[in-house]
Amino acid sequence: MLKIKVNSLKPGVTLGKDLFSYDSTLLLPKGTIITREHLDSLHMRNIDDVFIMDSKAVVKSGRQFEDVYSDSLSVVRSFMLEAKLGKPLEFEEISDITGLLLEQVFEANDLFRQMRLMKDKDDYLFTHSVNVALLCILMGRWLKCDRETLKELGEAGLLHDIGKVFIDDSILNKPDKLTDTEYEEIKKHTLQGYNLLSQYEWISTNVANAALMHHERADGSGYPMGTKGFSKNLCVSVVAVADVYDAVTSNRVYSSKRSPYTAAEILWQESFGKLNPEISKVFYDKITNFYVGNEVLLSNDEIGVVIYVDPSQPTRPIVMVGDNFYNLAMDRSVTILEVID
Ligand SMILES: [Fe+2]
Ligand SMILES: [Fe+2]
């Protein structure tokens, strides 16, 4: 099931939930096959979104990444707010949205650019969940995982922080440094997420474990248990890397977003003893190569184009500015501040 904008709705799709007017009158029951007349009536009543049954019908009609992202965001917002109120998670909702994101990552070469454009559209928790799902699927594709595993990785990304719905907003959105007690409270999102997810038979153990373990670090510095050693679980390792990347490159209440190169640099450093190096290496190698040909803003205020990435120092490429070249591997005084769209 998927919530979509009436504007992108085509006749022939099946309604996934009863549709009510603003005064709570039942307009169309679940299962109604939408006709052109229904669409006209929905427009006249200023109804913006509806839940539909078959997300594949919409994908096949060639939807843009932006639409799919917005729709995913509204589904994530809706099931997270419902989970906060104690309502159950719905298999169809989660499964359909993951399937839809799977199609996008397969097709969208410019996923990173699109993700940058779509950030700050909603609360960090919701955009972060969609972004981490997309990044997990992307990493799964790079690791040549089968479709079943890709779906599991997508679900793990989508649900890894669901425990945060149980954390007080004043702590979650606190712009200042957290007190020790508040930090202990935040850490609980891992256990709370695990406890929620492990209640459902249709949610795999790997997905629940990713919620529990994505902040663990191999040197024992992570939480909630401070487990030492690298996890053997693919979902846990992939979510941990995607989570760091998205957190660094997003605006949050207490810190401004930093460039994909800074994120890659952090992943590089953390691959020595914290994050699973086999997974983080694939990510920072691919991601740094991804930006070859892109314009970047340098820390000396010059704008240049990334022209070459040395595999041994992927986060320090060669950048061309006019007729000059900066080899950032040699010239440590200059860094990449931003990737420009
Ligand atoms: Fe988390
Ligand atoms: Fe996270």
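Considering Cα pairs under 8 angstrom that are at least six residues apart, work out the relative contact order of the chain and quote it in whole percent.
Result for the chain is 10 percent.
Under a point-charge model restricted to the Cβ atoms of Lys and Arg (+1) and Asp and Glu (-1), what is the dipole moment magnitude of the chain relative to its Cα centre, in debye to the nearest 20?
Approximately 420 debye in magnitude.
Tell me the Kirkwood hydrodynamic radius of the stretch 1-53 in angstroms, computed as one over the mean inverse distance between distinct C-alpha pairs. Could you put the intermediate results ahead of the total?
Working: mean 1/r = 0.0928 Å⁻¹.
Across the stretch 1-53, the inverse of the average 1/r is 10.8 Å.
Given the options SER237, TRP202, SER256, identify the residue whose Cα lies farthest towards the positive end of the charge dipole of the stretch 193-263 (+1 on Cβ of Lys, Arg; -1 on Cβ of Asp, Glu).
It is SER256, whose Cα lies furthest towards the positive end.
Using a cut-off of 14 Å between alpha-carbon atoms, which aspartates and glutamates can reach LYS3, once sequence neighbours fewer than 8 places away in the same chain are excluded?
ASP18, ASP48, ASP49, ASP54, ASP67, ASP71, GLU90, GLU92, GLU93, ASP96
Using alpha-carbon pairs under 8 Å, 6+ residues apart, how would you state the relative contact order of the stretch 1-53 in percent?
RCO, the stretch 1-53: 52 percent.
Of the options HIS215, PHE126, TRP142, report the single residue whose Cα projects farthest towards the positive end of the charge dipole of the chain (beta-carbon charges: Lys, Arg +1; Asp, Glu -1).
TRP142
Specify, per residue and in Å³, the volume enclosed by the convex hull of the alpha carbon atoms belonging to the stretch 220-334.
Details: hull volume 13.9 nm³, N = 115.
Spelled out: Cα convex hull of the stretch 220-334, divided by residues, is 121 Å³.
Report the percentage of all Cα-Cα pairs in the chain whose separation exceeds 31 Å, rounded to a whole percent.
Cα-Cα pairs of the chain separated by over 31 Å account for 37 percent.
Which value in deg cm²/dmol, rounded to the nearest 500, describes the helix-derived mean residue ellipticity at 222 nm for the chain, given -39,500 (n - 2.57) per DSSP H run of n ≥ 4 and division by the residue count?
For the chain, the value works out to -15000 deg cm²/dmol.
Note down the nm distance, to one decimal, between modelled labels 7 Å out along Cα→Cβ at GLN64 and at GLU103.
1.7
Loop by DSSP (not H, G, I, E, B), at most 14 other beta-carbon atoms within 10 Å: where is the longest site-free stretch of the chain for trypsin sites (Lys or Arg not before Pro)?
Numbers: sites that count: LYS30, ARG45, LYS121, LYS144, LYS177, LYS232, ARG332.
The answer is 233-331.
Express in whole angstrom the spacing between the alpha-carbon centres of the stretch 183-249 and the stretch 15-50.
What the calculation gives is 40 Å, centre to centre.
Which percent, nearest 5, of DSSP beta bridges in the chain are antiparallel?
Just about 100 percent of them are antiparallel.
Between ASP168 and TRP142, what is the label-to-label distance in nm when each label sits 7 Å out along the Cα-to-Cβ direction?
About 3.9 nm, to one decimal.
Just to confirm the number: angle between the C-alpha axis of helix 65-84 and the first principal axis of the chain, 0 to 90 degrees, nearest 10?
70
Against the longest alpha carbon principal axis of the chain, how many degrees, from 0 to 90 and to the nearest 10, is the axis of helix 147-159 turned?
90
Give the calculated FRET efficiency between ARG45 and ASP123 to the nearest 0.05, with a Förster radius of 25 Å applied to their Cβ-Cβ distance.
Efficiency, from the Cβ-Cβ distance: 0.35.
If you bin every alpha carbon distance in the stretch 64-257 into 10 Å steps from zero, what whole percent lands in each bin?
It works out to 9, 39, 39, 13, 0, in whole percents.
Set Lys and Arg Cβ to +1 and Asp and Glu Cβ to -1, take the dipole of the chain about its Cα centre, and tell me which of SER271, PRO11, LEU27 lies farthest positive.
Result: SER271.
Say R0 is 45 Å: what FRET efficiency, to the nearest 0.05, do LEU337 and SER198 get from their beta-carbon distance?
0.60
Readers should treat all values here as calculations from the given coordinates under stated rules, not as data from a laboratory. Just so we're clear, the structure is a prediction, and the values are computed from it rather than from any experiment. With ideal geometry, Cβ positions are generated from the backbone for all residues, glycine too; neighbour counts draw on all protein chains shown.
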